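The values are calculated or read from the model by the stated rules, or taken from the named source; none is laboratory data. What you are looking at is a predicted structure, and each value in this text was computed from that prediction instead of being measured. Ideal geometry is used to build each Cβ from the backbone, glycine not excepted, and the neighbour counts take in all protein chains shown. Please note that ligands, DNA and RNA were not included when accessible areas were found on the heavy atoms of the full protein model with its side chains. Shrake-Rupley method; radii C 1.70, N 1.55, O 1.52, S 1.80 Å.
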Amino acid sequence: MGLLNKLDDPYDGGGIILGKVEELLNWGRSKSDWYLHFGLACCAIEFMAMNASHFDFMRFGTIPRTSPRQADFIMVTGTVTFKMADRIKVLYEQMAEPKYVISVGSCSNCGGPYWEHGYHVLKGVDKIIPVDVYIPGCPPRPEAFEEGMMKLQEKISHQAIFNKRKRLGIE
Amino acid sequence: MLPNEIFEKLRSVYSDQIIELIENHPSDSFITVNASALFEICHSLRDEAFFMFDYLMSLTGMDLGENLGVVYHLYSMQLKHKIVIKAFVPKEQPKVPSVERIWRTADWHEREAYDLIGVNFEGHHNLIRILLPYDWEGYPLRKDYTAPEMYHGMKVS
Amino acid sequence: MSEKKRLDLEYSQLDSDRMRLNVGPQHPSTHGVLRLEVEIDGEIVTEVIPHLGYLHRSFEKHCEKMTYPQIIPYIDRMDYISAMNNEWPYVMALEKMLDIKVPEKVEYIRVIVAELNRIANHQIAVATFGLDAGAFTPFLFFFRDREYIIWILEKLSGARLLYNYFRVGGLAGDTYPSFKEECLNVIEKVRKTNAEVMDLLIYNRIFIQRTANVGILTPEVAVNYACSGPVLRGSGLRYDLRKDEPYSIYDRFDFEVPVGKGEVGFVGDCWDRNIVRMQEMEQSCRIIEQALAQMPETGDVKANVPKRIKPPKGEVYMRTENPKGDLGFYIVSNGTDKPERLKARGTSFVNLSVIPEISKGYMFADLILILGSIDIVLGEVDR
Ligand code: SF4
């Protein structure tokens, strides 16, 4: 976000930032996202590799939480079945606002390979919870996870916090 | 022991309960038996010294149109031989004796066959659905199955 | 409705000091979406009821609707940690039905990739088992090494996890020029890490105290529940399809079948199952070395296979030794290009069914270890 670059600004020898509080808050929010890992299938294994030494997902400031109440976003990795769908909904509802959803893999995007004859597969997790970022792939490569995470950070850092309704033209 | 020897041995004890042996290379040979005597046959297959089939590799339910079939793949750890046993039951009354008390592994296999095909295993201690939700309707692996439109307010297809 | 009724918990029957606890389906250490309903008396587990099906993806229905080659990707997605091994019994069954002789080089490449994948699988198994016991470092070590294996498999097949590399009568592609050196490099790395993990985790006193004498599975129970793979061998039975019923070209290699010996406790405890996996990795390394030395330099990677695969009427049950145990495919063909019925005998499905039997009477924290030592993959349990 380049917030720190502003420290070079020549007011009184530097060290002062002039900016919006909103930007500061969003900067903080986007760089420290805690997530609830909802590992369901093959994509979760790729996500485990993503978490391990080679790719180091934590460099995005993400910390895995096991409780939805402490999580900023939920990562749905894998095939959502009907037996599981209710549980996802419950966990999503337990998360505190503001909350985000990343849907990982073709399965949770749209049903993936199981879209046609999968009588027990929910064709896309967006049928039950709102999704912010879709990561395509079956399974997505670790680079795709990185891209997806960066997209989420971008989204968070451009969000309106104050006077939201007015600025978005709702009234 | 080869399949035909097993067949002869079984025939000598159970006579007409053992229906036929079908050998058709390269397919596996199998023995068809009467479903009503299945439990006793399996029992002797496990316990007789010349059979010793102590390892149930797999138990499959099948939809054959008019009939439902149950297929048992047996293996003997000690004697290292194999055999396939089949039994057929009519679709309206798909009753097969449970072999869960002979091989404990059959417990979940039978529940799966009940869940997906709808074979009714008599004598099973807890024959409920295993993979699908407990309130699912129908048996998905039957050939004439059509998936429901909605499940708990979610569209199925 | 009667089903539902039977499921309702009879709380009145519970003793006042008993408690029912629900583990999963979304729980960090259930290795996937498994739900265990546990009845505990204080800290002691008195009953475990597994509930499956949270990843039931209609595999067998798909098989009936797809042509034979189209099924291979779905088979990858069953046991997604060892996808190469999964494809093997399936293509072997079809080759048996169609009476195809596979070229020599293909057999060798198949053995090599399957053993590489076996190592990768055992690495994940031991790593997550270590996580369950509270050791995080082996996880990082193993995932670092697994990445090198994955790179080899990726160069061969183009995918990192689900390869779709085996074809009926051959493979999707040939090896690449530096294949041999890279395999040998990886083996070296695997051996080095395994030696470290042996010190760090396996013979660690805390680890031994947590896992020895926990979850004892006797050979009789294991056979009756039709367990296989490291779970069965951990109980001291020397049963490995690669030796007992050598398929493909496994009779050409010199390797041993490690079994649990009860080194630190009773035979068949969690520690035994785990050490079997560690030793199997070493044996896999040996097989790969021999296969690399014997592999012919040139040769076809595809046999003469008809364009449309239509096996004759009949049925075949084929099984191979998967990293988790023996995986079987029962294929019934009706003479068309789609199978009449395809049943997968999921290894994890069968191995998991022993959980209620072996976890009674142990501490609740041990239950997680017992589950980890069985090494299940839910994609295969639920299919
Ligand atoms: S998208 Fe592909 S890799 Fe991911 S869960 Fe679905 S089938 Fe598995």
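Looking at the stretch A:45-129, the strands (runs of 3 or more DSSP E) lying wholly inside it that each contain 3 or more residues that are buried (at least 20 other Cβ atoms within 10 Å of the Cβ) and within 16 Å of the ligand (Cβ to nearest atom) sit at A:73-77, A:100-104. Annotation note: of C:G260, C:G265, C:G236, the sole residue that is open to solvent by less than 10 Å² (accessible area, probe 1.4 Å) and either at positive phi or not hydroxyl-bearing (S, T, Y) (or both) is C:G260.
Once the stretch C:345-359 is narrowed to residues that are more than 9 Å from every other protein chain (Cβ to nearest Cβ) and outside any helix (DSSP H, G or I), the residue that is surrounded by the most Cβ atoms within 10 Å (Cβ to Cβ) is C:G346. Counting only residues that are part of a helix (DSSP H, G or I) and without any contact (Cβ under 8 Å) to a residue 24 or more places away in the chain, which one in the stretch C:217-248 is farthest from the chain's Cα centre (by Cα)? Going through the qualifying residues, I end up with C:E220. The set of residues in the stretch B:74-89 being open to solvent by 60 Å² or more (accessible area, probe 1.4 Å) and among the polar types (S, T, N, Q) consists of B:Q78 alone. Looking only at residues that are assigned to a helix (DSSP H, G or I), touching a helix residue (DSSP H, G or I) at 6+ places or on another chain (Cβ under 9 Å) and surrounded by fewer than 20 Cβ atoms within 10 Å (Cβ to Cβ) in the stretch B:39-59, which one is farthest from the other protein chains (Cβ to nearest Cβ)? That would be B:E40.
Just one residue in the set C:R77, C:R118 is buried (at least 23 other Cβ atoms within 10 Å of the Cβ) and within 12 Å of chain A (Cβ to nearest Cβ); that residue is C:R77. Residues being open to solvent by 40 Å² or more (accessible area, probe 1.4 Å), touching a residue at least 12 places away in the same chain (Cβ under 8 Å) and within 14 Å of chain B (Cβ to nearest Cβ) are entirely absent from the stretch C:182-201. Among the residues of the stretch A:27-36, is there at least one that is within 16 Å of the ligand (Cβ to nearest atom), open to solvent by less than 10 Å² (accessible area, probe 1.4 Å) and either more than 30 Å from B:K143 (Cβ to Cβ) or touching a strand residue (DSSP E or B) at 6+ places or on another chain (Cβ under 9 Å) (or both)? No, the stretch A:27-36 has no match at all.
For the stretch A:93-129, residues that are within 29 Å of B:T146 (Cα to Cα) and either out of contact with any Phe, Trp or Tyr (no Cβ under 8 Å at 6 or more places or on another chain) or within 14 Å of chain B (Cβ to nearest Cβ) (or both) total 22.
The number of residues in the stretch B:90-111 being in contact with an Asp or Glu (Cβ under 6 Å, 6 or more places away or on another chain) and either open to solvent by 10 Å² or more (accessible area, probe 1.4 Å) or β-branched (V, I, T) (or both) comes to 4.
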